[in-house]
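One structure below.
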Amino acid sequence: KGGVGTTTTAVNVAAALSQGSGTVLFIDLHLSHGDAAVFLGAEPRFSVVDALENAHRLDLAFFKGVVARTKAGPDLLASSDRAFVPASATQHVRQLVEFAARTYTYTILDVPRSDAAALDALDVATRILVVANQELATVRNAARIAEALRHRYGKERVGIIVSRYDSSSEI
């Protein structure tokens, strides 16, 4: 559900990891109009769409050209400002994520919940977190999504986190 803090959580995890050892890449898989670049204080020249449209060129030189450095620490493959209608998005997203996983110590993905191509790319993920807040509909939907992901990827890889926790909430 939009507005629960998924992007904020993912950006904070990426920024925290970049303070340690190893390299960190944040990929905003909201193919158009995502917010990660704003949160990370970056104005990238290229986007995840540019990388997907050129998946056949994925090598280190090309990749370093489309990835932006951020003030917050992690490298960023940002969302695009233009709408994108993928032709073979599933295969290209998977290629992109697998390449990033081989290139960086940590790759953080901000995945829209309704994007089948992005969800298929989670095969390489070591940890999948579903973000929810304490609204009844959000908790119910997060539980359903987490259960489907656990069935597909295994119980040990999928978790749910609650953003903006309020101990006085009825939920």
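Structure data summary
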{"read-out": "Check: the range 101-171 dipole with +1 on Lys, Arg Cβ and -1 on Asp, Glu Cβ, in debye", "value": "220"}
{"read-out": "Solvent-accessible surface (1.4 angstrom probe) belonging to THR9, in square angstrom, nearest 10", "value": "40"}
{"read-out": "Solvent-accessible area of ASP59 with every protein chain in place, 1.4 Å probe, in Å² to the nearest 10", "value": "80"}
{"read-out": "Portion, in percent, of the accessible area of the chain that falls on carbon or sulfur, probe 1.4 Å", "value": "52"}
{"read-out": "Inter-site label distance for PHE62 and ILE160 at 7 Å from Cα along Cβ, in nm", "value": "4.0"}
{"read-out": "Three-way shape call for the range 1-106 based on the alpha-carbon gyration tensor, with the a/c threshold at 1.5", "value": "oblate"}
{"read-out": "Rounded accessible area of LEU149 (nearest 10 Å², 1.4 Å probe)", "value": "20"}
{"read-out": "Assigned charges on the beta-carbon of Lys, Arg, Asp, Glu; the chain dipole about Cα centre (debye)", "value": "260"}
{"read-out": "Per residue accessible area of the chain, 1.4 Å probe, in Å²", "value": "55"}
{"read-out": "Most positive-pole-ward Cα, GLN95, ALA83, THR107, against dipole of the range 1-122 from beta carbon charges", "value": "THR107"}
{"read-out": "Whole-number D in µm²/s for the range 19-171 (Stokes-Einstein; Kirkwood sum over Cα pairs; 4 °C, 1.567 mPa s)", "value": "79"}
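The values are calculated or read from the model by the stated rules, or taken from the named source; none is laboratory data. Since we're looking at a predicted model, the values are computed, not measured. Every residue, glycine among them, receives a Cβ derived from its backbone with ideal geometry; neighbour counts consider all protein chains shown. SASA here: full protein model, heavy atoms, side chains in, ligands and nucleic acids out. Shrake-Rupley method; radii C 1.70, N 1.55, O 1.52, S 1.80 Å.
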